[in-house]
Amino acid sequence: MNKWDNLMKWVRPVKIRQKYFVTMLIISILPIAALGFISYNIAKNTLAENQLQATANQLKTSSESADLLLQNVINLERLMSWNQDLQSELKESAANNEIDSATMTNETLNRIDYIIYSYFIDTQDIDSVCLFDIHHRPYCYGNSNSIGLFDNGGSFPEIEGEKWYQEGLKAEGGITFFSRNVLVGNQSEQTFSSVKLLRDAEGVFEERDLGMLVVNVKKSLFERAINESGNSKTMVFDDSGSIVRSVYSDPIVSRSSLSHRSTLEGTIDSLKEDGNLVSSYQNDTTGWTFVHTIDEDELFSQSSGIRNATALLAILMVMVSLYLSFVASGRLTQPFLQLKLLTSDWSSHGIGSENKKNDEITEIGETFKRVTTENKELSEELVRAQLKEREAELKVLQAQIKPHFLYNTLDSMYWMATINNNPDIAKMALALSESFKISLSKGKEQISVKDELDHIRHYITIQNLRYQDRFTYIEDVDPAMLDRPMLKLLLQPLVENAIYHGLEQKVGPGTIRVTGWENDGLFKFTVEDDGVGMEDVSKANEGFGMSNVKERLLLFYGPESTFKVASEPGKGTKVELQFPEKKGEK
């Protein structure tokens, strides 16, 4: 036997000791592996939950810090919109609508310049400001890179079609934040815009629009608001538009991996796919979402100690299990080996080379199976011998009857009764003669359904002569069945039982109904009376007639046949037979 055969012997064990040994290994290794897996995952999940809770608190603090910084910008914009001097300048500029006045006058520009400068001189988060009057003429202050072409003056009526301008109008004086610089578009990645519609504060019944204020805020504002640790990153996203926009993100984070995501959920999923643990929090002021990420490998490196310790412990336990399983398997399988030797002596065939591929328990089972099969065969042979013996006895009894003597005697009685003018005796003798003919049926086991029904009619005739026509016989049998064969004397004993145990004890007349039909290749007959009935149906099988019919039915037609009895005190009894047609002599 080569090494491969030895390996397959243990991978696919045959002997009971090998099976027991492998089973013990599986039983011991699986719980150990499950314990290690569960322990590691509990530690990992606990660490993740603690990190998520801490991150949620950190994001909330960062968002609130950003709210305070943004609130300073909002307050400055509100103060500017309420400034009376600025209101006056915008009203005067609104009144100046001459064709050649595409820009504000120098006097107006100087006054507005002073007002804006006085408000934003100490605000480090504001990069630039642009004020548009009602005729879309701008005045801009601050970093020219975040102002673009509006720094050169002129009139820009086309801004009314811009989305940011329409959003500012819809806000009706409220402050709207945009994740990009609305004046230069995506050309500036360092600022985002805040837009506010300026209205006439002195309007009593209806406020009048005076202009639009655009403040460009440095994204470095978030750097002062966000508190980050060494292995975590915080980003700000705007998902108010058709696609998600990055307002603020760490340069390490690859924007290309997020650019194809059109929703915030898709962006978060992308970050998770990159191996990050992600938390999010929505800012109250802007509606933007603060997203915090931390690398899972760095986070879960703390749980590697638990994993290593569990693996080492599992290896030690497996080695101990190997030794104990080997020792225990030898001791526990020794009784099976002894039992195997004993059972091999019982079997006349022995346990030869053909059973070497089976384990000891299987071989013992095969031995008992052979012994059981032999016992079953012997029992069946005994039953067949007993049946043959009963058939022989029945034939002997039938042979002892002298049919011709009975026919001749009954025929003589019939003619004597006729000569002596006694029709009842003649009728009874004729019926009895016909019954004998059908019962004997020349030694045949089967007769036609018609002959069985004739037998019942002759019997009813005799009984009505005896009981003065107390019994009414009703027959409802499918005509197609009349010439078909059936075991003789199946229905007549049931009718006889109905008269003696059901109708004879009843006061007054009684009725016997015999019905028959065929269904799915099975003959079905019922014999029903309206006699006294019975409470215990099981007693019906104690009588000789019923038990004889039931036994003959089972012996002749086999397990496909059925015999059922139903009865109710005071209402009568119903017997139902079912059996397949058995082709043969009629």
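The values are calculated or read from the model by the stated rules, or taken from the named source; none is laboratory data. All figures in this text were calculated on a predicted structure; none of them were measured in a lab. Quick reminder, even Gly has a Cβ in these numbers, built from the backbone with ideal geometry, and neighbours come from all protein chains shown. Please note that ligands, DNA and RNA were not included when accessible areas were found on the heavy atoms of the full protein model with its side chains. Shrake-Rupley method; radii C 1.70, N 1.55, O 1.52, S 1.80 Å.
I'd like the full set of residues that are under 57 Å from the mean Cα position of the chain (by Cα), part of a loop (DSSP other than H, G, I, E, B) and touching a residue at least 24 places away in the same chain (Cβ under 8 Å), limited to the stretch 489-521.
490, 491, 521
Looking at the structure I just gave you, is residue 141 surrounded by 17 or more Cβ atoms within 10 Å (Cβ to Cβ) and either within 23 Å of residue 222 (Cβ to Cβ) or at pLDDT below 85 (or both)?
Details: surrounded by 17 or more Cβ atoms within 10 Å (Cβ to Cβ): yes; either within 23 Å of residue 222 (Cβ to Cβ) or at pLDDT below 85 (or both): yes.
In short, yes.
Identify all residues within the stretch 453-509 that are hydroxyl-bearing (Ser, Thr, Tyr) and in contact with an Asp or Glu (Cβ under 8 Å, 6 or more places away or on another chain); write none if there are none. Step through it out loud before you land on a result.
Step one: list which residues in the stretch 453-509 are hydroxyl-bearing (Ser, Thr, Tyr), which gives 459, 461, 467, 472-473, 500.
Passing the criteria: 459, 467.
Would you pick out the residues in the stretch 557-571 that are small (Gly, Ala, Ser) and touching a helix residue (DSSP H, G or I) at 6+ places or on another chain (Cβ under 6 Å)? Walk me through it before giving the result.
Step one: filter the stretch 557-571 for residues small (Gly, Ala, Ser), giving 558, 561, 566-567, 570.
Result: 561, 567.
In the stretch 265-277, which residues are of a type in the set (A, V, I, L, M) and open to solvent by 20 Å² or more (accessible area, probe 1.4 Å)? Give the derivation first.
So the first thing to find is which residues in the stretch 265-277 are of a type in the set (A, V, I, L, M), and the list is 268, 271, 277.
Across the stretch 265-277, the qualifying residues are 268, 277.
Counting only residues that are at pLDDT 90 or above and open to solvent by less than 60 Å² (accessible area, probe 1.4 Å), how many does the stretch 429-450 have? Even if it seems obvious, please write down each step before you answer.
Filtering the stretch 429-450 for residues at pLDDT 90 or above gives 448-450.
Filter once more, so that each one left must be open to solvent by less than 60 Å² (accessible area, probe 1.4 Å): 448-449.
Final tally of qualifying residues: 2.
Checking residue 329 against (1) assigned to a helix (DSSP H, G or I); (2) at pLDDT 80 or above; (3) surrounded by 19 or more Cβ atoms within 10 Å (Cβ to Cβ), which test does it fail?
Condition (2) is where residue 329 drops out.
Looking at residue 98 and the list (1) surrounded by fewer than 14 Cβ atoms within 10 Å (Cβ to Cβ); (2) at pLDDT 75 or above, which single condition is not satisfied?
(2)
Yes or no: residue 453 of a type in the set (A, V, I, L, M, F, W, C) and modelled with pLDDT under 90? Even if it seems obvious, please write down each step before you answer.
Numbers: of a type in the set (A, V, I, L, M, F, W, C): yes; modelled with pLDDT under 90: no.
Answer is no for this residue.
Need the failing condition index for residue 474 against (1) within 60 Å of the chain's Cα centre (by Cα); (2) buried (at least 18 other Cβ atoms within 10 Å of the Cβ); (3) closer than 18 Å to residue 529 by Cα, just the number.
(2)
Do we have residue 553 as among the aliphatic types (A, V, I, L, M), assigned to a helix (DSSP H, G or I), open to solvent by less than 50 Å² (accessible area, probe 1.4 Å) and more than 25 Å from residue 465 (Cα to Cα) here? Steps first, answer last, please.
Values: among the aliphatic types (A, V, I, L, M): yes; assigned to a helix (DSSP H, G or I): yes; open to solvent by less than 50 Å² (accessible area, probe 1.4 Å): yes; more than 25 Å from residue 465 (Cα to Cα): yes.
Considered against the rule, which asks whether it is among the aliphatic types (A, V, I, L, M), assigned to a helix (DSSP H, G or I), open to solvent by less than 50 Å² (accessible area, probe 1.4 Å) and more than 25 Å from residue 465 (Cα to Cα), residue 553 comes out as yes.
Considering only the stretch 490-510, state which residues are open to solvent by 50 Å² or more (accessible area, probe 1.4 Å) and closer than 16 Å to residue 577 by Cα. Give the steps one after another, and end with the answer.
Keep residues of the stretch 490-510 that are open to solvent by 50 Å² or more (accessible area, probe 1.4 Å), which gives 496, 500-501, 504-507, 509.
Once the filter is applied, which keeps residues that are open to solvent by 50 Å² or more (accessible area, probe 1.4 Å) and closer than 16 Å to residue 577 by Cα, the stretch 490-510 yields only 496.
Within the set of pairs 6 or more residues apart or between chains, which connect a residue that is within 16 Å of residue 216 (Cα to Cα) inside the stretch 151-166 to a residue that is among the small types (Gly, Ala, Ser) and part of a helix (DSSP H, G or I) with Cβ atoms less than 9 Å apart?
Short answer, once both residue conditions are applied: 151/144.
Please state which of the following conditions residue 124 fails to meet, knowing it meets all the rest: (1) within 19 Å of residue 73 (Cα to Cα); (2) open to solvent by less than 80 Å² (accessible area, probe 1.4 Å); (3) modelled with pLDDT of 70 or more.
Condition not satisfied by residue 124: (2).
Need pairs with beta-carbon distance below 9 Å; first residue on the phi < 0 side of the Ramachandran plot and within the stretch 221-237, second of a type in the set (Val, Ile, Thr) and modelled with pLDDT under 75; sequence gap 6+ or separate chains.
Qualifying pairs under 9 Å: 233/252; 233/253; 235/253.
Name the residues in the stretch 174-208 that are in a loop (DSSP other than H, G, I, E, B), open to solvent by less than 30 Å² (accessible area, probe 1.4 Å) and modelled with pLDDT under 85, would you?
Across the stretch 174-208, the qualifying residues are 188, 200, 203.
Counting just the residues of the stretch 240-297 that are hydrophobic (A, V, I, L, M, F, W, C) and in a helix (DSSP H, G or I), which one comes out modelled with the lowest pLDDT? Even if it seems obvious, please write down each step before you answer.
Quick first cut of the stretch 240-297, residues hydrophobic (A, V, I, L, M, F, W, C) only: 243-244, 247, 252-253, 258, 264, 268, 271, 277-278, 288, 290-291, 294.
Then drop every residue that is not in a helix (DSSP H, G or I), which leaves 258, 264, 268, 271.
On the way: 258: 52, 264: 81, 268: 82, 271: 82.
Filtering first and then ranking leaves 258.
Within the stretch 22-38, can one find any residue that is aromatic (Phe, Trp, Tyr), farther than 30 Å from residue 174 by Cβ, part of a helix (DSSP H, G or I) and modelled with pLDDT under 70?
Going residue by residue through the stretch 22-38, those that are aromatic (Phe, Trp, Tyr) are 37.
Add one more test, that the residue is farther than 30 Å from residue 174 by Cβ, and what stays is 37.
Those left that are additionally part of a helix (DSSP H, G or I): 37.
Checking which are modelled with pLDDT under 70 leaves us with none.
Within the stretch 22-38, not a single residue is aromatic (Phe, Trp, Tyr), farther than 30 Å from residue 174 by Cβ, part of a helix (DSSP H, G or I) and modelled with pLDDT under 70.
Looking at the stretch 555-584 only, could you name the residues that are hydrophobic (A, V, I, L, M, F, W, C) and at pLDDT below 90?
Applying the first criterion (hydrophobic (A, V, I, L, M, F, W, C)) to the stretch 555-584 yields 555-556, 563, 565-566, 575, 577, 579.
Once the filter is applied, which keeps residues that are hydrophobic (A, V, I, L, M, F, W, C) and at pLDDT below 90, the stretch 555-584 yields 555, 556.
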